[in-house]
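Report on one structure; see the data block that follows.
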Amino acid sequence: MVSGSGPTLALLVRDAEHAREVMAQLGDEVGVATLAVQAPAPGARIVHSQ
């Protein structure tokens, strides 16, 4: 499941090099942030601020 406050994508890639290529292409778009993770990625967690 992928959930966010706006449009969110989860992509599977072949390897680290392919991930860099995809991130570079997506990063060329205005307002698009990319983040690469390896499975298993940690799940959502609550962050308490003071």
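The values are calculated or read from the model by the stated rules, or taken from the named source; none is laboratory data. Nothing here was measured: the structure is a model prediction, and the numbers come from that model. The protein model used for the area step is the full one, side chains on, heavy atoms only, and it has no ligands, DNA or RNA in it. Shrake-Rupley method; radii C 1.70, N 1.55, O 1.52, S 1.80 Å.
Structure data summary
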| quantity | calculated |
| --- | --- |
| The chain, Rg to Rh (Cα coordinates; Rh as Kirkwood inverse mean 1/r) | 1.02 |
| Residue-normalised accessible area of the chain, expressed per residue, 1.4 Å probe, Å² | 101 |
| Folded to 0 to 90 degrees: helix 16-27 orientation relative to the chain principal axis, Cα | 80 |
| Apportionment of accessible area to carbon and sulfur, the chain, percent (1.4 Å) | 56 |
